[in-house]
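Heads up: the structure comes next, in structure tokens.
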Amino acid sequence: MKNLRIVSLIVLVLSLGSFNLKENPGGYKPGDKAIDFKLKNIDGKETSMSDFKEAKGFIVVFTCNHCPFSVAYEDRIVALDKKYAAKGYPVIAVNPNDDKAYPDDSFENMKIRAKDKKFPFPYLRDDSQEIAKTYGAARTPHVYILTKSGNDMIVKYIGAIDDNAENPSGVKVKYVENALDQLMKNEEVKVPFTKAIGCGVKWKK
Amino acid sequence: MKHTFTFSFFILTSLYFWSQVPGINVIQFDALEKIMSSKSDSVYILNFWATWCKPCVEELPAFEKITKDYKGKKVRVLLICMDFKSKLKERVIPFIKKNGLVSEVLLLNEPDYNSWIDKIDKSWSGSIPATLILKGSTTNKKFYEQTFEYTQLKSEIEKVINQ
């Protein structure tokens, strides 16, 4: 009987522990080192940041097909790549969503969307969701600007693209562009972290 | 001078009524701040949702049942809609009608999300659904970035009521 009590106490403590872990998903903060990835691109090839030898850094965008915020930002993500890839910061888009619950986000549908919108950047499928988890991507779109520093990738900015998802002409602050322009001038990123409403990443159950 | 006054009054009232759509009000963040700082003994349940958010729509019946459960009591469910304002007539109002929502729906037209997310709760990443339960007369507020089942929601509300 006493043993049973001890066992239930242990179970209780353990379950409380795991509950707390869930509440603090973690992920990167500005200044952290980011890991590289090897994910399947819509062209069928495994793609890593290390494939881009000339790049000075990356604009990693966790995004997807089904979310209205991602859709609202598609043209602006394309514009970011057009403006900054030549300056050494290409866009890499990553779709981490569970495509069983959200078939719009399947690999086949990613190919279709990329073709329709003429994505000039890789659009990768994070099937295991490990990269989204490690980075701490919570929603779509969720941007991570990374800078190469020797062999490391350092996180310089995490957050929203700008301050108006609905209306590009109503944008007052372009968070990502500001951060990139500051990086180009070797300045510190003045606003390294922003929050935004977005569709939560659809984790597998 | 008098004419200018009457004219501005006319413009302001028309603007006011123009922004009022049956079944839904379009609000700015200051309206939420007022609720959050109110000293009334009412319990407020602020649920952040959108018509396009599947888990949000799935949990709406739980919030609707709460509204019905506490009818006439000092418990107010506010469904804070995060759809774009441009989708109000095309999506949001038809959605409210189709689902016969009885809870109060407010469309928060405040696109600079980064300026106010932390004011709801510092722990909020910004993904929805998210729910804030508060009682004006106490400093207690509880924030949840998760989905709710009815029984769990009810028990969280009862905890705040009985504080």
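Every number here is computed from the coordinates shown, using simple stated rules; none is lab data. Please read these numbers as outputs of a predicted model, since none were measured by experiment. Positions of Cβ are backbone-derived with ideal geometry, glycine not excepted, and every protein chain shown enters the neighbour counts.
Data for the structure
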quantity	calculated
Options A:137, A:132; residue that is in contact with an Asp or Glu (Cβ under 6 Å, 6 or more places away or on another chain), buried (at least 21 other Cβ atoms within 10 Å of the Cβ) and closer than 29 Å to residue B:147 by Cβ	A:132
In region A:100-126, residue farthest from the other protein chains (Cβ to nearest Cβ) [restricted to those that are of a type in the set (Asp, Glu) and touching a residue at least 24 places away in the same chain (Cβ under 8 Å)]	A:126
Tally of residues being of a type outside the set (Phe, Trp, Tyr) and crowded, with 17+ Cβ neighbours inside 10 Å across region A:175-188	6
Which listed residue, of A:205, A:195, A:174, is farther than 22 Å from residue A:26 by Cβ and not small (Gly, Ala, Ser)	A:174
Flag for residue A:152 being away from chain B (no Cβ under 12 Å), in contact (Cβ under 8 Å) with a residue 40 or more places away in the chain and acidic (Asp, Glu)	yes
Selection count where residues are assigned to a loop (DSSP other than H, G, I, E, B), within 14 Å of chain A (Cβ to nearest Cβ) and of a type outside the set (Val, Ile, Thr), scope region B:32-72	3
Whichever residue in region A:158-192 is under 15 Å from residue A:77 (Cβ atoms) and touching a residue at least 40 places away in the same chain (Cβ under 8 Å) and, among such residues, is farthest from the other protein chains (Cβ to nearest Cβ)	A:180
Residue check for residue A:59: more than 14 Å from every other protein chain (Cβ to nearest Cβ), in contact (Cβ under 8 Å) with a residue 12 or more places away in the chain, part of a helix (DSSP H, G or I) and under 19 Å from residue A:198 (Cα atoms)	no
3 or more residues of a type outside the set (A, V, I, L, M, F, W, C) and either more than 16 Å from residue A:71 (Cα to Cα) or under 17 Å from the mean Cα position of the chain (by Cα) (or both): qualifying strands (runs of 3 or more DSSP E) within region A:86-205	A:142-149, A:152-159
Close pairs (6 angstrom Cβ cut-off, 6 or more residues apart or separate chains): under 23 Å from residue A:200 (Cα atoms) in region A:70-87, surrounded by fewer than 17 Cβ atoms within 10 Å (Cβ to Cβ) anywhere	A:74/A:117
Selected residue (criterion: surrounded by the fewest Cβ atoms within 10 Å (Cβ to Cβ)) from residues of region B:50-68 that are without any contact (Cβ under 8 Å) to a residue 40 or more places away in the chain and over 19 Å from residue A:140 (Cβ atoms)	B:68
